[in-house]
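Working notes, structure below.
Bear in mind that the values in this text are calculations on the coordinates, not laboratory data. Computed from a prediction, not measured in an experiment: that's the story for all the values here. When we count neighbours, we look across all protein chains shown, and the Cβ atoms used for this are built from the backbone with ideal geometry, even at glycine.
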Amino acid sequence: MKRLQRRLCKTHSYYRTIGLCILMIALFSGCAGTKGTLSDGTLQGSLSVESTDVMSRKTASVSAESGQKESDPADAGLENAEEKSAQGQAENALSESEEEAAGAGTEYRIVMVGDVLLHTPVEESCRKPDGSYDYDSLFTHTKDEISAADLALVNQEVIIGGSELGISGYPCFNADFSLCDTLVRTGFNVVCHATNHAMDKGRAGLISCAQHWKEQYPQVTILGIHDTPDTATSCGADPVIIDLPELRIAVLNYTYGTNGIALPKDMPYAVDLLNEEQVAADLCRAEELADFTIVCPHWGTEYRLTPDDMQEKWTQIFLKNGADLVLGTHPHVIEPVEWVTDEETGHEMLVYYSLGNFVNWTSGIGEGIANRMVGGMAEVTISKDDTGEVKVIDYGVRPLVSHVTSEPGSVSAYFLKDYTEQLETENEITTQDPEFSVEYCIDLCDSVWEDLWVCQ
């Protein structure tokens, strides 16, 4: 198991190595007076001249005070030798960095956020005076980071069945079709629909949601629900494969159940459920078709900050069958991130047990409610080298806070680093759980993610 390291989510270890090499080259070149161009366009030659002038003035001052000569032929020879040695080291460093860059291959940034949980007050905040809905405010403060990713996933907790079926919150959720527009504008290209609320509006809600996506946004990958058997692996279809430049990623999405609501008898394929035989078959086929496999399970125990026995069981199943990355949801609170290793094969898999809520405004009151207001954005960078090997080269998590007030359009997710004490005082969740504060959120992230995140 790999040790998690504290890092900024957008900092990649490979680039840190290259940066150090460049810094060494700049320093050596500056001392040797070698001309070149720095990354900001500054000539190295001008830097070395300035450094040389300063050193000359210091040498002259010392020489005058001590009565010694400013230079000596032997000293000059030694200095030339040192300059050549430094230049050689810089050239070697450059050569090594170039070799690393050549073998590193293309990098791909993957992000995922947790549950888009539309309780009634969240829906009400997104309703416009004319009765229509606009969900853009939910993503205002996170959109740039999401849209910049090569692959952006979201757990769409509630079905999007449209207003004709009635917009509703807990316990049977349903969102307006305009949420699809918002998710696309935000930059999500993969939407996970396999949740315990997938059947909240029955057969009609599921079919309406699936068909709307296909008709309006065929370019978006929809996972976990099926209105026809031709897209379901349980009916013989291949797992979904997403083609990026020079990279194929398989993405699978399952839920533990549908809140006791039975799947339609003539649609046993409607929702992808966690079934060991089916999951193993799907992962085996994914190994054949793709370079990298992601599993998005809806699993675990609600409001629990640590993985339960069910999650540990399924983690081993995913691992044994070759999954590379697990991005979990459902507990509505954040849970740890860790590497797990198959002792027999040596295969490693990165697991985010729960990303918590992306947006939430529960009606609950009391201790623990504050935990539900903190979520995480998983950030994973993978690389495919010249040999075809794909591996995780960097990973992290960016904490999120659900900000909720009764003002129209004021419910939104913020990065914790951007969440101020002023916003804290405005967040109406404090009336439901007085423990909520910026400091509380920081302490929670520290306790769950330890050194995997940095609040800056």
Look through the range 184-199, keep the residues that are free of Cβ contacts under 8 Å to residues at least 60 places away in the same chain and either in contact with a Leu (Cβ under 6 Å, 6 or more places away or on another chain) or crowded, with 24+ Cβ neighbours inside 10 Å (or both), and return whichever of them is nearest to residue 416 (Cα to Cα).
188
Being under 19 Å from residue 254 (Cβ atoms), under 17 Å from the mean Cα position of the chain (by Cα) and polar (S, T, N, Q) is the filter here, so list the residues in the range 142-201 that pass it.
155, 156
Subset of the range 324-357 [within 25 Å of residue 284 (Cα to Cα), in contact (Cβ under 8 Å) with a residue 12 or more places away in the chain and charged (D, E, K, R)]
324, 338, 342, 348
Just name the residue that is surrounded by the fewest Cβ atoms within 10 Å (Cβ to Cβ) out of those in the range 403-456 that are assigned to a helix (DSSP H, G or I) and polar (S, T, N, Q).
422
For residue 196, are the conditions met, namely being closer than 26 Å to residue 362 by Cα, in a strand (DSSP E or B) and not β-branched (Val, Ile, Thr)?
no
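Condition check ((1) more than 23 Å from residue 154 (Cα to Cα); (2) in a strand (DSSP E or B); (3) not charged (D, E, K, R)) across all residues:
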{"residue": "323", "(1), (2), (3)": "no, no, yes"}
{"residue": "326", "(1), (2), (3)": "no, yes, yes"}
{"residue": "345", "(1), (2), (3)": "yes, no, yes"}
{"residue": "372", "(1), (2), (3)": "no, no, no"}
{"residue": "380", "(1), (2), (3)": "no, yes, yes"}
Could you give me the residue pairs with C-beta distances under 8 Å whose first residue belongs to the range 130-155 and is touching a residue at least 60 places away in the same chain (Cβ under 8 Å) and within 22 Å of residue 360 (Cβ to Cβ), whose second residue is assigned to a strand (DSSP E or B) and among the polar types (S, T, N, Q) wherever it lies, and which are 6+ apart or on separate chains?
137/412; 138/412; 139/412; 140/412; 141/412; 155/329
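Quick grid of which residues meet (1) in contact (Cβ under 8 Å) with a residue 24 or more places away in the chain; (2) closer than 25 Å to residue 111 by Cα; (3) in contact with a helix residue (DSSP H, G or I) (Cβ under 8 Å, 6 or more places away or on another chain); (4) basic (Lys, Arg):
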{"residue": "201", "(1), (2), (3), (4)": "yes, no, yes, yes"}
{"residue": "207", "(1), (2), (3), (4)": "no, no, no, no"}
{"residue": "214", "(1), (2), (3), (4)": "no, yes, no, yes"}
{"residue": "223", "(1), (2), (3), (4)": "yes, yes, no, no"}
{"residue": "243", "(1), (2), (3), (4)": "no, yes, no, no"}
{"residue": "253", "(1), (2), (3), (4)": "yes, yes, no, no"}
{"residue": "260", "(1), (2), (3), (4)": "no, no, no, no"}
{"residue": "268", "(1), (2), (3), (4)": "yes, no, yes, no"}
{"residue": "282", "(1), (2), (3), (4)": "yes, yes, yes, no"}
